1. For the chain, what value does the Rg/Rh ratio take when both radii are computed over Cα atoms and Rh is the Kirkwood radius, given to two decimals?
2. Compute the whole-percent fraction of alpha carbon pairs in the stretch 108-291 spaced more than 19 Å apart.
3. What is the set of long-range amide H partners of Val418 at a cut-off below 5 Å, with H atoms built 1.01 Å from backbone N?
4. On average, how much accessible surface per residue is there in the stretch 357-413, in Å², for a 1.4 Å probe, leaving out ligands, DNA and RNA?
5. If the cut-off is 16 Å between C-alpha atoms, which lysines fall inside it for Lys27, apart from same-chain ones fewer than 8 positions away?
6. Which percentage, to the nearest 5, of the DSSP beta bridges contained in the stretch 108-291 is antiparallel?
7. Please list 151-159, 349-357 highest first by mean number of surrounding beta-carbon atoms within 10 Å per residue.
8. Nearest-5 percent of antiparallel DSSP beta bridges in the chain?
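The values are calculated or read from the model by the stated rules, or taken from the named source; none is laboratory data. Quantities reported herein were computed from a predicted structural model and do not represent experimental measurements. Virtual Cβ from ideal backbone geometry, glycine too; neighbours counted across all protein chains shown. What goes into the accessible areas is simple: the full protein's heavy atoms, side chains included, and nothing from ligands, DNA or RNA. Shrake-Rupley method; radii C 1.70, N 1.55, O 1.52, S 1.80 Å.
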Amino acid sequence: MICDNISVNAKGHLTFAGYDTTDLAQKYGTPLYLMDEDKIREHIREYKTAFEKFFPQGSMPEFASKSFSCKQIYRIMAEEQMNIDVVSCGEIYTAATAGFPMERSFFHGNNKSDGDIRFAINNKVGFFVADSMDEICAISQIAKQNGITQKILLRVTPGIDTHTHQKISTGNVDSKFGIAISTGQAIEAVKEVLKTENISLCGFHCHIGSQIFESEPFKTASSIMLEFIKQVKTELNYTAEMLNLGGGFGVRYLESQPEISYTEKIREVATAINEQCSALGIKVPKIAMEPGRSIVADAGMTLYTVGSVKEITGYKNYISVDGGMTDNPRYTLYEAPYTVMLASRANDKADFVATIAGRCCESGDIIQENVNLPKPKRNEILAVLTTGAYNYSMASNYNRVPRPPVVMLNKNGDYVAVKRETFEDICSLDV
Ligand code: LLP
């Protein structure tokens, strides 16, 4: 199995976090998002322990909450004393109303409006990850009006291409995010920031991309960032206290993908950082990273009920399910790979190759192509594994399909973290 929270019981039913998935489908209905709370906590603790062990005191991972955002996840993050990254007022509102201590939040985004900045300051966001000089001027003005000094990190682009999917690669010079180091604009920006009132520059941020399995791109990025930190120290006599390397460690969606140890990767990055800092003669900054996917992806699973099974003689087979691009747009957007299993008969021989299609009126509404399964019967339960990241958070109401509920599983029981959307919910804003 691709993750140790997945198994098959004596009835031949797929289990997740120790629960029979067909029982959960019966209890809550489908489509259904499941989240393994203990797995989420296990990942957070692994990151935190590795950070404590390998990086200087005060280093901390942050959960990139765009990967999965709802009140309960922020409560879990608060309990685990994890920092978070937020990218919109919607995420800030959700975290703040869940009681998350907002001084531990980092506010990202390439285009924060004045309204966003005010909202974040009113909600006592700890740090802004500032993306442009325009934004810094706006933060300065609004911070002044509020009589505060706002802590910021400056987001810069190290200029590296991580060879992940183009839509999720962000560290290149021509990215819409950050200020480029190689053009000289980043150092100019630092010069300006240091003169700007009501702003306290705490360090630098970069993010190179997502679904990265190697430590190499992170080492390259940190090397460029440390050179920059050294340059800023030499030219402007400014010492960066914090270096945030962004998110992006990869997750195993298929058996063929590697199983990586985040502790080991963090150790490798830390070794490279320590060596380079001593070579450059600079103090090792506090390190931050913002994992999203690698905290929640394999803590998730989606259950569907099989509808029509269509065999187009001489062409292909389709298994249609009661969800699709509305609850998981990732194949439609990125041709993202997923492992699919027949939860009702997980041990039966897989000898039926089919495309898993969603229920939307759109040919592109596909969950996965060329999946090999036991041929399902109508009303059997199908499971798509590793859906904890960027599924619920990217879900939509296309075709006015209600979004599925999120059910959390832990050692003590199962509970609803997000309710199933109703037709009334969908119409609630219509006038
Ligand atoms: N930090 C920043 C600044 C980011 O932009 C991202 C992801 C992360 C952290 C978290 O990266 P992760 O650890 O989750 O790889 N919707 C796409 C992913 C977009 C990622 C955007 N930024 C997908 O479904 O694959």
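1. Ratio of gyration radius to Kirkwood radius for the chain: 1.00.
2. 58
3. Sorted by chain and number, the residues that satisfy this are Val406.
4. Ligands and nucleic acids excluded, the result is 43 Å² per residue.
5. Cα-Cα hits under 16 Å: Lys419.
6. 5
7. Working: 151-159: 24.1, 349-357: 16.6.
Ranking the peptides 151-159, 349-357 by packing returns 151-159, 349-357.
8. Details: 32 of 68 bridges.
About 45 percent, rounded to the nearest 5.
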